[in-house]
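J.: Just passing along the structure, written as structure tokens.
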Amino acid sequence: MKVAVAGCCHGALDKMYETLELLQRRHNVRPDLLLCCGDFQAVRNEADLRCMAVPAKYRHMQTFYRYYSGEKKAPVLTVFIGGNHEASNHLQELPYGGWVAPNIYYLGYAGVVRFRGVRIGGISGIFKSHDYRKGHFECPPYNQQTIRSAYHVRSIEVFKLKQLKRPIDIFMSHDWPRSIYHYGNKKQLLKMKSFFRQEVESNTLGSPAASELLQHLKPTYWFSAHLHVKFAAFMQHETNSKEELPKATKFLALDKCLPHRDFLQIIDVEHDPNAGDSLEYDAEWIAILKATNSLVNVTQNSWNMPENNGLHAKWDYSVTEEAIKEVLEELNHDLKIPCNFTLTAACYDPSKPQNNMEPVHTINPQTTEFCAQFGLTDINDRIQQAKEESSGRGECEEEEEEEMDSTGSAEEPSEYNTDNSGLSSFNPDEIMLDEEGGDEDLSTCSVDPSPDHPPEFSTSFSDIRVMPDSIAVSSDDATDSNNEELEKSGGSRQGEERSSTERSLKRIGADENGNSGVKKIKRRNQAIYAAEDEDKTD
């Protein structure tokens, strides 16, 4: 089947779907599935806009609300993960995943689903070491800290995904797995994005948690976004035994969704011709959720996942074939995900703007139904209970103020013990958040195209590339056909944490690079600027 993969959508659903329709008209190619790698921006109304961690001037309604209201319907099944510029209050309603609009499915904090026999997994958010070991404690209305921490990856989600044993076909993350740039045309990447050099050479660009998952899951395809640049890589995994067959991952990072940007990719994926056309639950994943339900944490206290260190009675939460069989029997072998989308918030009305609308913490009926069906903890219900228990004592705010300091955290270090979120490399496409917080996460958010690059899809078809069955990746000294057409503008630098214990990786077609010293500076001392073509609105 044909799968379309998009980078940061930034709420521009009309543009994305129009591009797919153009693809069909011009090339007679109709994707069966669309995947989006974060910054989807499922914004329903003005309250949702207030929950996006972007400066006010970049808060644009865009077009998702039309699909939420039913005015429009996605022409192709769309599955997405969250990024770091999202309506966090909306996505938080669906921690285990669910429909945000008809035919548009969110994978949750982490999730695995199946479509036509193809197994698709993903993890939402970006990595920050100081929040990594906390629970999902945030809820609207957010403050200056929680509006950012709400989209930070948590160790419990990585732990759940590491319990998977069955092969994964496709995996998505918003930020790149750390070190993946050593497996592609690094020279071309640095030519296009020279401001990545410091972090690439010190091996601190990207997420160490995603890198850990890449090495564990070894999916056939791994797709990412976040940095707003297209980049392909091919990683040959090391085998654990002589009997194990070699595995390799084709990695592709996508550009953001704007006209004249190479933001969409079409790939051919082997599928089960006898499988139905419905999105389905993954039985192993459901069994893992049930097995790890006791580990759910809704506090901001840091804690470690169980491991074989003598401190935990149980550390292996992978599931048996019998447990998977029990899930199948519970569902009567019908894994189809119910189309139970429900409106949970008022939809934006252009004729009646409500700029003072405040976000509220909502329990989504989809999550209630899912948790009841599989005996799981409703995270949002647990958060509300915790708030009610602490109401009147003011404990939540006091604990948060004590825990957060000017560097972002006063807790003990995470397993990834060095935080390089203050690296001084500059990205011309980067949008800096306001200076109130000391731990801003940087990426370009949604703005309207400039007059120099109008959204005339009929005049340009550079937005689409059709990927062959295998991605050919050249060495640093050769020309990478997958990257030579990258735009010299666009992109977003990802300041991430360095892992001193990261495994050494077997490199293919890459230069040897030693780690260099990196000087940290506070982000509030960096210039706040964005690319000129993105700073204009219609």
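J.: Every residue in region 76-91 that is surrounded by 23 or more Cβ atoms within 10 Å (Cβ to Cβ), part of a loop (DSSP other than H, G, I, E, B) and not acidic (D, E), please.
T.: Within region 76-91, I81, G82, G83, N84, H85, A87 meet the criteria.
J.: In the set F251, F234, which member is among the aromatic types (F, W, Y), under 22 Å from the mean Cα position of the chain (by Cα) and either closer than 27 Å to N103 by Cα or part of a loop (DSSP other than H, G, I, E, B) (or both)? First the steps, then the outcome.
T.: On the way: F234 fails: either closer than 27 Å to N103 by Cα or part of a loop (DSSP other than H, G, I, E, B) (or both).
None of the others qualify; the one that does is F251.
J.: So which residues in region 305-326 are loosely packed, with under 14 Cβ neighbours inside 10 Å and more than 30 Å from S278 (Cβ to Cβ)?
T.: Residues satisfying the conditions are E307, N308, N309, G310, L311, H312, A313, K314, W315, D316.
J.: Which residue, of A386, A372, is at pLDDT below 95 and closer than 21 Å to S294 by Cβ?
T.: Details: A372 fails: at pLDDT below 95.
From the options A386, A372, the qualifying one is A386.
J.: If I filter region 250-272 for residues that are out of contact with any Phe, Trp or Tyr (no Cβ under 6 Å at 6 or more places or on another chain) and of a type in the set (S, T, N, Q), do I get at least one hit?
T.: yes
J.: Quick check on my filter: what residues within region 331-389 are of a type in the set (D, E), free of Cβ contacts under 8 Å to residues at least 24 places away in the same chain and over 30 Å from K57 (Cβ atoms)?
T.: Filtering region 331-389 down to residues of a type in the set (D, E) leaves 334, 349, 358, 369, 378, 381, 388-389.
Keeping just the survivors that are free of Cβ contacts under 8 Å to residues at least 24 places away in the same chain gives 334, 349, 378, 381, 388-389.
Of everything in region 331-389, those that are of a type in the set (D, E), free of Cβ contacts under 8 Å to residues at least 24 places away in the same chain and over 30 Å from K57 (Cβ atoms) turn out to be D334, D378, D381, E388, E389.
J.: Could you grab me the full set of residues in region 204-227 that are within 20 Å of V153 (Cα to Cα) and polar (S, T, N, Q)?
T.: Just the residues of region 204-227 that are within 20 Å of V153 (Cα to Cα), to begin with: 204-219, 222-227.
Selection gives T204, S207, S211, Q215, S224.
J.: Can I ask one more? Is region 308-315 home to any residue that is assigned to a helix (DSSP H, G or I) and within 30 Å of Y132 (Cβ to Cβ)?
T.: First pass over region 308-315, keeping only residues assigned to a helix (DSSP H, G or I): none.
No.
J.: Moving to a separate point now. Inside region 197-220, can you point out the residues that are under 18 Å from I170 (Cβ atoms), polar (S, T, N, Q) and open to solvent by 10 Å² or more (accessible area, probe 1.4 Å)?
T.: Q215, T220
J.: If I ask for residues that are among the hydroxyl-bearing types (S, T, Y) and either under 28 Å from the mean Cα position of the chain (by Cα) or within 28 Å of A287 (Cβ to Cβ) (or both), which ones from region 325-371 would you list? If you could, list the steps in order and put the result at the bottom.
T.: In the first step, residues of region 325-371 are kept if they are among the hydroxyl-bearing types (S, T, Y); the result is 342, 344, 348, 351, 362, 367-368.
Matches in region 325-371: T342, T344, Y348, T362, T367, T368.
J.: Please identify the pairs in which a residue from region 188-213 that is without any contact (Cβ under 8 Å) to a residue 40 or more places away in the chain has its Cβ atom under 8 Å from the Cβ atom of a residue that is of a type in the set (A, V, I, L, M, F, W, C) and part of a helix (DSSP H, G or I), counting only partners at least 6 apart or on another chain.
T.: Cβ pairs passing all conditions: L190/F196; L190/V200.
J.: Then there's this: Please give the number of the condition I123 fails out of (1) touching a helix residue (DSSP H, G or I) at 6+ places or on another chain (Cβ under 8 Å); (2) more than 20 Å from A209 (Cβ to Cβ).
T.: The single condition I123 does not satisfy is (2).
J.: Of all residues being assigned to a loop (DSSP other than H, G, I, E, B) and of a type outside the set (S, T, Y) in region 364-377, which is most open to solvent (accessible area, probe 1.4 Å)? Just the residue, please. Can you show your working first?
T.: First, the residues of region 364-377 that are assigned to a loop (DSSP other than H, G, I, E, B): 364, 375-377.
Within this subset, residues satisfying the condition of being of a type outside the set (S, T, Y) are 364, 375-376.
Working: N364: 5, G375: 57, L376: 20 Å².
If we take residues in region 364-377 being assigned to a loop (DSSP other than H, G, I, E, B) and of a type outside the set (S, T, Y), then G375 is most open to solvent (accessible area, probe 1.4 Å).
J.: Taking the condition of being open to solvent by 20 Å² or more (accessible area, probe 1.4 Å) and either touching an Asp or Glu at 6+ places or on another chain (Cβ under 9 Å) or in contact (Cβ under 8 Å) with a residue 60 or more places away in the chain (or both), how many residues in region 66-75 meet it?
T.: Kept after step one, since they are open to solvent by 20 Å² or more (accessible area, probe 1.4 Å), are these residues of region 66-75: 66, 69-73, 75.
Checking the rest, the ones that are also either touching an Asp or Glu at 6+ places or on another chain (Cβ under 9 Å) or in contact (Cβ under 8 Å) with a residue 60 or more places away in the chain (or both) come to 66, 69, 72, 75.
Looking only at that region, the number is 4.
J.: Here is a follow-up. Is there any pair linking a residue in region 223-243 that is open to solvent by 10 Å² or more (accessible area, probe 1.4 Å) to one that is among the basic types (K, R), with Cβ under 7 Å and at least six apart or on different chains, and which?
T.: So the pair list comes out as F234/K250; Q236/K506; H237/K218; H237/K247; E238/K506.
Results for (1) more than 29 Å from P177 (Cβ to Cβ); (2) assigned to a loop (DSSP other than H, G, I, E, B); (3) modelled with pLDDT of 95 or more, shown as yes or no for each residue.
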site	(1), (2), (3)
V3	no, no, yes
L23	no, no, no
R26	yes, no, no
D39	no, yes, yes
M52	no, yes, yes
K57	yes, no, no
R66	yes, no, yes
A74	no, yes, yes
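J.: Please find, within region 327-363, the residue that is nearest to H90 (Cα to Cα) out of those that are outside any loop (DSSP other than H, G, I, E, B) and open to solvent by 50 Å² or more (accessible area, probe 1.4 Å).
T.: Going residue by residue through region 327-363, those that are outside any loop (DSSP other than H, G, I, E, B) are 327-330, 336.
If we keep only those that are open to solvent by 50 Å² or more (accessible area, probe 1.4 Å) too, we end up with 329-330, 336.
Numbers: E329: 32, E330: 29, K336: 23 Å.
In this case the residue turns out to be K336.
The values are calculated or read from the model by the stated rules, or taken from the named source; none is laboratory data. These numbers come from a predicted model, not from an experiment. Positions of Cβ are generated from backbone atoms using ideal geometry, with glycine treated the same way; all protein chains shown enter the neighbour counts. Keep in mind that these areas ignore ligands, DNA and RNA; they rest on the heavy atoms of the full protein, side chains included. Shrake-Rupley method; radii C 1.70, N 1.55, O 1.52, S 1.80 Å.
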